[in-house]
Structure formats: structure tokens, C-alpha cells
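The values are calculated or read from the model by the stated rules, or taken from the named source; none is laboratory data. Keep in mind that this is a model prediction, so the values were computed, not measured. Virtual Cβ from ideal backbone geometry, glycine too; neighbours counted across all protein chains shown.
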Amino acid sequence: MTSFIPANPPGEMARRIREMDWSSTLLGGRETWPQSLRLSVALILASGFPMAIRWGPELVLIYNDAYRPILRDKHPEALGRPLREVWWEVYPELGPLNEAILRGDREAFFAEDLPWTVQRQGTIVEDARFTISYSPIPDEAAPNGIAGVLTTCIETTERVRKEKALRVLNERLETEIAERIRERDRIWHVSEDLLAVSNFGGYFTSVIPAWTTLLGWPRVFQPSAWRTAFATRTARGAGSPGR
């Protein structure tokens, strides 16, 4: 009657499920569980992903080892309890969503980085993010042919926080770079020093306005114009007829 859980399966949750007095819960003794529930329990226990089953009209919770960190302080009391008692703080959203799957009103649900405000560490209220997938568990004996909801849930809170911090840092760096460029441009236009930019060949590619003001050299780099200006000033400096 309990062959869906091996005699000595690895993991804490397999042991807890095996040793728990289910007759005191809404699911009743394990010997009364339908085959669909037994197979679903075996499925989640064999998975390395955080998975849970929400079974029956009360959405009674059964979960695997990987799901424990999501519950935090709600574990282990969450095992065998209705969803509204476990995730009471988000049940106004979570309850109708799961109930709609049970009724067959929706086939499944998937969301990435879904935000929920949860309380799972004493009195601490936190904004958390989860990527979740809810799927109906078929059972011919159940109303609408659906007896439960199979849940796969991966917490993404830290990743979302790090990505947000990285975006803020990038925006800050972009702002600082833009400010430095504006300051450079301001100095470039008002300085009376003969500043210029040259390439690795030693040729000027850009000069500040002071070159035009003081020497009459073109501000825009045009090789032919620069050669003409340079030749003219060289000739004048040498006392040629063009002086």
C-alpha cells in the first residue's frame, strides 16, 4: 500500500512523508490515497527541482527536499496542511489561481520572476520573486477529472536583486561618464591652451578652438586645409614673398 515510496528512500521529506500520521490530516491515511496521488508523490520525491503537490479542494501541501528552502520557517509544519494555512499571506492571489486549475477553468499557469510579499522567517516580511509552473494532476474519480495541482517553483529573489543592482550601477556609471564628457567639452571649448588630439602617426585629428583663435588653423580636421595653412605660416615665418 505504500510501495510508491521505497523502503529506504534518500532525503528528509521521503522519511517525513513515510512516518507522518496522515490519518490526522484532510488526506486521510496513506492506504486510502488514490493511485494518482501516490504517483505524484513519487514523482516529486525523485526530482531535484523544488516541487510540491497541492491536493484536493483544500489544496493540502506535500513537497520534496528542494522545496524546503522556499518555505523557510514554514517547514516542517507545512507538510499535510491546507494551502490557505501555509501561504496565508499570499492566499488571496494564490488560492483563486489554484482553484481555477482544479475546476478546469484554466489548463496551467506559468510566470517568471513573479513578485510576492511573503512572511516565512518569523515576523519578517519580504518581497520575493519566483518562477513558477502550475499543472493539473488528472484523476478520473475527482470532480472535473482534476484532483490536484503539481507545482514547480524556483526562487529568483537574489538574481533579480543582483540584476537590479547591476542596472543601477550601470546607470550611475553612464551618468558619471556623460558628466565627464560634458566637463571635457567645456574645457575643450574655453581653454586658451593649444590642446589637440593626434593619432599614433603623430598627425593631429582634432584641435580646440584656440588653434583657430590664436593661429588661424582650421577647427575641423581637413588634411588639405591644414597643409595649406601650415605651408602659408611656414613661408611667412621664413620671410618669403607670400609674407
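Here are the numbers for the structure shown:
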{"item": "Cβ pairs under 9 Å, 6+ apart, first in the range 119-131 and without any contact (Cβ under 8 Å) to a residue 40 or more places away in the chain, second part of a strand (DSSP E or B) and among the polar types (S, T, N, Q)", "result": "125/117; 125/119; 126/117; 126/119; 127/117; 128/117; 131/152"}
{"item": "Per-region count, the range 57-73, residues surrounded by 15 or more Cβ atoms within 10 Å (Cβ to Cβ) and over 24 Å from the mean Cα position of the chain (by Cα)", "result": "5"}
{"item": "Test for residue 157: is it under 19 Å from the mean Cα position of the chain (by Cα), surrounded by 11 or more Cβ atoms within 10 Å (Cβ to Cβ) and closer than 30 Å to residue 37 by Cα", "result": "no"}
{"item": "Residue within the range 49-70 that is closer than 14 Å to residue 119 by Cα and in the same structural domain as residue 146 (by TED's automatic domain parsing) present", "result": "yes"}
{"item": "Odd one out for residue 140, checked against (1) modelled with pLDDT of 85 or more; (2) assigned to a helix (DSSP H, G or I)", "result": "(2)"}
{"item": "Count of the range 107-133 residues which are surrounded by 13 or more Cβ atoms within 10 Å (Cβ to Cβ) and either modelled with pLDDT under 95 or in contact with a Ser or Thr (Cβ under 6 Å, 6 or more places away or on another chain) (or both)", "result": "5"}
{"item": "Conditions (1) at pLDDT 95 or above; (2) farther than 22 Å from residue 123 by Cα: number failed by residue 5", "result": "(1)"}
